[in-house]
Amino acid sequence: MDVTTVVGIVVGGGLLFLAIFQGGGVGVFVNMPALMITVGGTFAATLINYPLRDMLRVVKVVKNAFLHTMESPEKIIKDLVLFAEKARREGLLALEQDVSAIEDPFIKGGLEMAIDGLDPDLVTSMLRMELTFVNERHKRGQGMFKAMGKFAPAFGMIGTLIGLIQMLRSIEDPSGIGPGMAVALITTFYGTLIANLVCLPLAGKLETISEHEMMVKELAIEGIRSIQSGDSPRVVDRKLKSFLAPKEREKLETIKAGAR
């Protein structure tokens, strides 16, 4: 579970609630018509913008932002180097039993194709094609939340305009202008809050997760190609480490030193 997503929303929401409470009470910020305009309008506009099948995936996409566990590139490098050692010593066919225990379907599929003797260029091409479509699916999920982040403030402003129009119709009563203006501005508050505390941060988190996953898969593709080409474990290790930041390389060396 990605704790930072939960902590960010809880801390941000909690501080806003505390500030509102200290400023005179929460009740004035609760307005069902304003909420209906903002949330309903945002959902409707997103539904127009995206096919129904993509909208039905929103729950799964949100779950990824909260529950996704980032793959450890250090572990994948370690495993691929071990596979390279065994393949160089005993041949690719010796990896069959090890590959059957791999949980990652992307790496497992790539190594299975390599063991089956497919051309390295073909294996790389097929894996890159799969990577492209995975990335496109990720971008659609990110795009939905970016769209919601764009629509929510707009519908908040629409709600404000509706409130102002209704207020101006009864402008002959000056005492109602202040409260009416406050209610009119609540929809802008809702729209800005939904966009900047929920939708846009979730889009950013999904983008970060996707970038990490793409990097790990590119690393796996390079590792599988190197194993298939018969590169020495040292060469495989050096190639794959190039995907890591210097601190991550140091961490990997520490893990290796501890394993000896």
Taking the Cα centre of each part, how many Å lie between the range 99-165 and the range 30-79? 12 Å
What is the dipole size for the chain, taken about its Cα centre, with +1 at each Lys and Arg Cβ and -1 at each Asp and Glu Cβ, in debye to the nearest 20? 340 debye
In 5 Å bins starting at 0, how do the alpha-carbon pair distances of the chain split up by percent? 1, 5, 10, 12, 12, 11, 9, 8, 7, 6, 5, 4, 3, 2, 2, 1, 0, 0, 0
Could you state the angle between the C-alpha long axis of helix 58-67 and the longest principal axis of the C-alpha atoms of the chain, as a value from 0 to 90 degrees rounded to the nearest 10? 70 degrees
Before anything else, pin down the relative contact order of the chain: Cα pairs under 8 Å, at least 6 apart, normalised by residue count, whole percent. 31 percent
Taking a cut-off of 25 Å between Cα atoms, list the lysines near K239, but don't count ones fewer than 8 places away on the same chain. K75, K78, K86, K108, K217, K247, K251, K256
In degrees rounded to 10, the 0-90 angle between helix 177-193 Cα long axis and the longest Cα principal axis of the chain is 10 degrees
Taking the Cα centre of the chain as the origin and placing charges on Cβ (Lys, Arg +1; Asp, Glu -1), which of T160, V235, L200 is farthest toward the positive end of the dipole? T160
If the reach is capped at under 17 angstrom between alpha carbons, list the lysines near K60, excluding any in the same chain fewer than eight residues apart. K139, K146, K205
Which residue fluctuates the most in the chain, going by a Gaussian network model with Cα springs under 10 Å, if the choices are P174, P246, P201? P174
Compare A154, A84, A19 in a GNM of the chain, Cα atoms joined below 10 Å, and give the one with the largest fluctuation. A19
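Taking the Cβ of D54 as the centre, find all other residues whose Cβ is under 10 Å away and add up their charges (Lys, Arg: +1; Asp, Glu: -1).
My count for the surroundings of D54 gives +4.
Here, each number is a calculation from the coordinates, and none is a lab measurement. Since this is a predicted model, take the numbers as computed values, not measurements. Positions of Cβ are generated from backbone atoms using ideal geometry, with glycine treated the same way; all protein chains shown enter the neighbour counts.
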